[in-house]
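Written out below as structure tokens is the structure these notes cover.
All of the numbers you see were taken from the coordinates with simple rules; none came from a lab. Note that this is a predicted model, so its numbers are computed, not measured. Don't worry about glycine lacking a Cβ; one is built from the backbone with ideal geometry, like all the others, and counts go over all protein chains shown.
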Amino acid sequence: MGAEPNITGITRGGTAWIPQFAVALDEGKCIGCGRCYKVCPRDVLTIVQRAVDDVDFDDDDDDDDDSDNSFMTLTNPMDCIGCEACSRVCPKACFTHEALPVAA
């Protein structure tokens, strides 16, 4: 018994490709920069404010970026089209993608 075939797509030029769908996002690594949110064509992501208890207020931290007060979350993962744009722009490699089998 072989593996189930994966969902495939066809490029405009006729080349087959296998979409890699976002299945997880490591919210602990996420810095809340919003790059993935801006490139996602399907509104799969939402930015969430960290609770005050979750933020590490380290006085030795010299960067002026306050984006670590938030993080992204997969709120609509079933809308993902598998383009992987989010992973390409993520500076912290927070996303996990997988090909999905064709539903029977």
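Assorted remarks:
- Gained length - ASN69 relative to ALA3, 0.36 nm times residue gap less alpha-carbon distance: 19.5 nm
- Scalar couplings 3J(HN,Hα) for the range 34-49, obtained by applying the Karplus form with A = 6.51, B = -1.76, C = 1.60 to θ = phi - 60°, are x, 4, 5, 4, 5, 8, 5, x, 10, 6, 7, 10, 9, 8, 10, 6 Hz; x denotes Gly and Pro.
- Less than 5 angstrom separates the built amide H of ASN6 from those of VAL102, all sequence-distant by 5 or more or on a different chain.
- Packing, taken as the mean count of other beta carbons within 10 Å per residue, orders the peptides 7-16, 85-94 from highest to lowest as 85-94, 7-16.
- Approximate spin-label separation ILE18-VAL48, in nm, with each point projected 7 Å along Cα-to-Cβ: 3.0
- Working from label points 7 Å from Cα in the Cα-to-Cβ sense, the TYR37 to ARG88 distance is 2.1 nm.
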